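The values are calculated or read from the model by the stated rules, or taken from the named source; none is laboratory data. Quantities reported herein were computed from a predicted structural model and do not represent experimental measurements. Cβ: placed from backbone, ideal geometry, glycine included. Neighbour counts: every protein chain shown.
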Amino acid sequence: MSVVCLGELLIDFVAMQHGVSVGDAYSFQKAPGGAPANVAVAVSRLGQDSAFLGQVGDDPFGHHLAEVMDSEGVDISGLRFSTEARTMLAFVSLTAEGERSFVFYRHPSADMLYSPDQVALEVLNGRKIFHFGSVTLIDDPSRSATLMAAKAAHTAGMLISYDPNLRRSLWPSDEAARQGMLTGLNFAHILKVSDEEVEFLTGGHDIAPLWRQEMQIIAVTHGAKGATVYTRKSKHHVPGFSVRTMDTTGAGDGFVAGLLVGILEHWGDYLTPMESIVRFANAIGALATTQLGAIPSLPNRGAVDKFIKGPN
Ligand code: ADP
């Protein structure tokens with residue numbers, strides 16, 4: 001039972017002041033991040049086996065990230081270290097509402113140079129779910145590496161999960177972002193998108209244009225309002241949990257991890273209990289907003305179970 005996540009692993013520097021731009025902030029808290037890496041850590045904290053595929057720089061940040069992933073119990077035997085480029089950095093500041101603005105350092109960064117011949121395909125062996133995002137779809141060679149791994153996972157009979165997390169400033173244009181993000185849909189059995197991403201990808205609020213032949217589940221997240229999950233036969237809106245939000249970084253990744261762990265726990269019949277799986281995913285998304293940073297705020301299984309049970 002396990003999940004392989006492929007993508008970027010980076011350092012987030014989160015501004016310690018709220019409501020300021022990254023340029024105006026004067027102190028930052030260092031936190032490991034990268035959407036697919038966050039998912040790998042969250043899956044592990046929720047009690048399922050996980051592995052990570054990707055590339056960091058052969059530099060102090062890259063080695064620190066490897067140590068963090070390893071200490072979280074994530075299998076990093078497929079993590080590569082580049083001597084050509086440094087680990088990606090992202091400076092993040094939060095508006096008064098807890099939304100994020102980013103400045104990325106990747107000119108290029110090690111994750112962008114991850115190439116098909118570096119993908120440790122043996123890590124897929126015996127695992128059930130392959131998860132990827134859109135940041136490694138932006139440039140080659142990481143684009144080819146990501147698509148090659150997704151194809152290999154598909155051939156191996158794995159369930160493929162995709163979160164086309166929108167990072168507008170990383171793409172050359174909105175149209176390139178749209179086309180690039182849409183490419184990933186063709187490989188996905190499970191799609192996680194936010195309201196903003198549905199609008200960006202379709203130009204409206206209807207998810208119908210996002211279905212692809214092999215897709216089974218589309219989960220649309222609505223921030224504090226929760227999520228709506230669609231299967232070919234059903235649609236459930238599942239309200240979110242009310243929490244004291246500090247920083248929404250990692251909410252979507254926590255949600256994805258909850259969704260995937262729920263699917264693993266109902267392997268064979270995961271479509272039927274989709275509403276309760278999404279409730280579980282909402283709880284992880286909510287808890288992930290209660291602390292600064294992504295990986296530091298992802299809850300463990302005990303915390304999630306206690307939170308869902310409520311105070312009594
Ligand atoms: P993303 O981080 O990908 O933009 P969302 O912001 O929609 O995704 O968050 C994903 C999930 O996390 C939501 O569906 C919800 O369950 C939970 N969540 C996010 N923000 C909050 C919040 N402020 N309060 C409670 N739950 C939240």
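Descriptive notes on the structure:
- Residue count for the range 148-171, restricted to those that are touching a His at 6+ places or on another chain (Cβ under 6 Å) and either away from the ligand (no atom under 16 Å from the Cβ) or on the phi > 0 side of the Ramachandran plot (or both): 2
- Enumerated strands (runs of 3 or more DSSP E) restricted to the range 112-225, each holding at least 2 residues that are touching a residue at least 40 places away in the same chain (Cβ under 8 Å), among the aromatic types (Phe, Trp, Tyr) and surrounded by 14 or more Cβ atoms within 10 Å (Cβ to Cβ): 129-133
- Listed conditions (1) modelled with pLDDT under 95; (2) of a type in the set (D, E, K, R); (3) within 11 Å of the ligand (Cβ to nearest atom) are all met by Lys309, apart from (3).
- Among residues of the range 264-312, those that are of a type outside the set (D, E, K, R), closer than 18 Å to Val39 by Cβ and not in a loop (DSSP other than H, G, I, E, B), counted: 17
Per-residue answers, yes or no, for (1) of a type outside the set (Asp, Glu); (2) within 14 Å of the ligand (Cβ to nearest atom):
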site: Ser173; (1), (2): yes, no
site: Ile190; (1), (2): yes, no
site: Glu197; (1), (2): no, yes
site: Lys225; (1), (2): yes, yes
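- Residue match in the range 285-297 (condition: among the hydrophobic types (A, V, I, L, M, F, W, C), over 14 Å from the mean Cα position of the chain (by Cα) and over 29 Å from Glu97 (Cβ atoms)): no
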